[in-house]
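Heads up: the structure comes next, in C-alpha cells.
The values are calculated or read from the model by the stated rules, or taken from the named source; none is laboratory data. Because the structure is a prediction, the values reported are computed rather than measured. Every residue, glycine among them, receives a Cβ derived from its backbone with ideal geometry; neighbour counts consider all protein chains shown.
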Amino acid sequence: MTYQTGREALAAHQRRLRDKPPGVARERQAQLAKEWGNQVKGWVAARGGWVYTSASRNATVCQGWSGVWTWHQRAILDWLTASLTAARTLDELCASGVENHYRPTILPRNWRYVALADAYDERQWERRDPRRAWRGSTTKESHR
C-alpha cells in the first residue's frame with residue numbers, strides 16, 4: 001500500500017474537485033423548489049419572500065425558495081426524477097445499468113430536463129461513477 005504525502009493528497013483532491021460537474025444551476029434551484037413546494041406540499045410565497053404552509057399564512061417554512069432548495073434538495077430531485085422518468089428517485093436512476101454501463105438519455109427539451117441531467121451528473125460524480133447523462137444534440141438540424 002502506498003501512502004501520499006500531504007501535498008500529494010491535496011493535489012489529488014484538487015484535481016478531483018476540478019472535475020466536479022456544476023450541478024443544477026442556481027437560478028433553476030429556486031424554480032424547482034417553488035414548483036415542488038406548490039405541487040407537493042401546497043406551500044405558497046408572500047411579499048418579502050416568506051414561504052408559508054398555506055395561503056392562510058398560518059405557519060412559515062422559511063424565507064425564500066432558495067431556502068426550500070437547501071433543506072429539501074434530495075426530495076425535490078426525487079420528485080423531478082419521478083415526474084420526468086420511469087425511475088422513482090435520482091438514486092434509483094443513478095444505480096440503474098451499473099453492470100452494463102448504461103447511461104440515460106436526457107434530451108434538453110426544457111430547463112427541467114437540463115436540471116435533471118445536471119443533477120444526475122453531479123450525483124454520479126459524488127458516487128465516483130464515470131457515467132454521465134447523454135444529452136443528445138441540441139442543433140436545429142437534429143430536430144427536423
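Pick from Val40, Val51, Val44: which is modelled with pLDDT of 85 or more, of a type outside the set (S, T, N, Q) and in contact with a Gly (Cβ under 7 Å, 6 or more places away or on another chain)?
Matching residue, one of Val40, Val51, Val44: Val51.
Which of the residues belonging to the range 1-26 are under 19 Å from the mean Cα position of the chain (by Cα) and either surrounded by 10 or more Cβ atoms within 10 Å (Cβ to Cβ) or outside any loop (DSSP other than H, G, I, E, B) (or both)?
Passing the criteria: Leu17, Arg18, Lys20, Pro21, Gly23, Val24, Ala25, Arg26.
Taking Cys62 as meeting all but one of (1) outside any helix (DSSP H, G or I); (2) loosely packed, with under 12 Cβ neighbours inside 10 Å; (3) without any contact (Cβ under 8 Å) to a residue 60 or more places away in the chain; (4) of a type outside the set (Lys, Arg), write down the number of the exception.
Single failed check for Cys62: (2).
Identify the residue in the range 104-131 that is of a type in the set (D, E, K, R) and within 13 Å of the chain's Cα centre (by Cα) and, among all such residues, is modelled with the lowest pLDDT.
Glu126
If His101 meets every condition in (1) at positive phi; (2) modelled with pLDDT of 90 or more apart from one, which number is that one?
Status for His101: all satisfied but (2).
Kindly provide the set of residues from the range 99-119 that are closer than 18 Å to Ala33 by Cβ and among the hydroxyl-bearing types (Ser, Thr, Tyr), ordered by number.
Of everything in the range 99-119, just one residue is closer than 18 Å to Ala33 by Cβ and among the hydroxyl-bearing types (Ser, Thr, Tyr), namely Tyr113.
Within the range 80-94, can one find any residue that is surrounded by 17 or more Cβ atoms within 10 Å (Cβ to Cβ) and closer than 14 Å to Gln29 by Cβ?
Within the range 80-94, one or more residues are surrounded by 17 or more Cβ atoms within 10 Å (Cβ to Cβ) and closer than 14 Å to Gln29 by Cβ.
Within the range 27-57, how many residues turn out to be over 23 Å from Trp111 (Cα atoms), surrounded by 11 or more Cβ atoms within 10 Å (Cβ to Cβ) and either charged (D, E, K, R) or in contact with a Leu (Cβ under 9 Å, 6 or more places away or on another chain) (or both)?
1
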